[in-house]
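*Asks:* Once you've had a glance at the structure underneath, I'll fire off some questions.
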Amino acid sequence: MSNNAISHGSVRMPDIDPGWAHRLAAEFAAPYFKELKDFLVEERAHYTIYPRGRDILRAFQVTPFDAVRVVILGQDPYHGPGQAHGLSFSVPHGVPPPPSLQNIIKEVQRDIGPFTPFGGDLTPWAAQGVLLLNATLTVRAGQPGSHRGHGWERFTDAAISALSKERDGLIFLLWGSHAQAKETLIDAARHYILKAPHPSPLSAHRGFLGCGHFSKVNEILQAQGRAPINWTL
C-alpha cells in the first residue's frame with residue numbers, strides 16, 4: 001500500500017480520502033488487518049502481486065466517501081501484467097480492455113448510444129462519484145482469487161456497510177452472483193439496487209448485455225435532481 005500515510009489517533013492511516021479514513025479507521029486498527037498486511041508482505045517476497053502498492057486503495061482516493069453516487073462491485077483485481085490499477089473492471093490508459101470490460105463498453109454503447117470507445121481506463125467514472133470497488137483488493141499474478149479469504153472481504157464489506165448506513169439514495173450495480181451476495185449489506189429501503197449477470201463472456205449473454213443499467217442510473221439520478229453520469233468519456 002502507499003507509503004504516504006496520515007495519523008488517525010494511534011493508527012497510521014494510508015493516504016486516502018479523509019471521509020473514508022474516518023469510516024475505516026477501526027478496520028485499519030483491527031488485528032485482522034495487521035494479519036492481512038503481514039500476508040501481503042510474505043506474498044510479495046515470493047510472488048508478483050497486483051496492483052502495485054500505491055494503487056491498492058485507489059478507489060478510496062479518487063472517489064471520496066461523500067461524493068459516492070453509484071457503486072459498481074467487482075470480485076478481485078485483474079491478474080495479468082499492467083492491468084490492475086485499483087478500480088474494479090478498469091485498466092490503465094493504453095491497456096487493451098479485458099473481455100469483461102469489452103462487454104461493459106459494448107453495453108454502454110448499446111444503452112446510451114453510439115460513441116467512440118474511450119479505452120479501458122474508468123477513472124473518469126470514478127471522478128464523477130462511481131465507486132469502482134473490488135471485494136478483494138490484491139491478487140497473485142496469474143492466479144485469480146488467490147487472495148480471497150485473507151481479510152480484504154471484511155474490509156470492503158465495512159466500506160459498503162458504511163455507505164449503506166450513512167448515505168441515502170445510492171445506486172448499487174450488482175453484476176453476477178459474487179456481487180449480489182453483498183446485497184445483504186445494503187439497506188434496500190434507502191438505496192437502489194440493480195442486478196444483472198456478470199459481464200464476463202461466460203455470462204454476459206444471459207442478461208448483462210441488454211440490462212440498460214447505465215441509462216437507468218441516469219434516470220434515477222435525474223429524478224433525484226442530480227447530474228447524470230457521463231458514461232462515454
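*Asks:* Output yes when any residue across region 116-125 is out of contact with any His (no Cβ under 9 Å at 6 or more places or on another chain), part of a helix (DSSP H, G or I) and under 28 Å from Lys216 (Cβ atoms), and no when none is.
*Replies:* Looking through region 116-125, at least one residue is out of contact with any His (no Cβ under 9 Å at 6 or more places or on another chain), part of a helix (DSSP H, G or I) and under 28 Å from Lys216 (Cβ atoms).
*Asks:* If I ask for residues that are open to solvent by 10 Å² or more (accessible area, probe 1.4 Å), without any contact (Cβ under 8 Å) to a residue 40 or more places away in the chain and part of a helix (DSSP H, G or I), which ones from region 133-164 would you list?
*Replies:* Within region 133-164, Glu153, Asp157, Ser161 qualify.
*Asks:* I need a count of the residues in region 165-179 that are modelled with pLDDT under 95 and open to solvent by 30 Å² or more (accessible area, probe 1.4 Å).
*Replies:* Counting residues in region 165-179 that are modelled with pLDDT under 95 and open to solvent by 30 Å² or more (accessible area, probe 1.4 Å) gives 2.
*Asks:* Here is a check on your reading of the model: is Arg190 over 28 Å from Leu40 (Cα atoms), open to solvent by 50 Å² or more (accessible area, probe 1.4 Å), among the charged types (D, E, K, R) and assigned to a loop (DSSP other than H, G, I, E, B)?
*Replies:* yes
*Asks:* Enumerate the pairs (first residue in region 93-114 and over 24 Å from Pro228 (Cβ atoms); second residue anywhere and not in a loop (DSSP other than H, G, I, E, B)) with beta-carbon separation below 9 Å, excluding pairs fewer than 6 apart on the same chain, so at least 6 apart or on different chains.
*Replies:* Pro96/Gln102; Pro99/Ala204
The values are calculated or read from the model by the stated rules, or taken from the named source; none is laboratory data. No experiment lies behind these values; they were computed from the predicted model shown. Every residue, glycine among them, receives a Cβ derived from its backbone with ideal geometry; neighbour counts consider all protein chains shown. Just the protein is used for accessible areas: all its heavy atoms, side chains included, with ligands, DNA and RNA removed. Shrake-Rupley method; radii C 1.70, N 1.55, O 1.52, S 1.80 Å.
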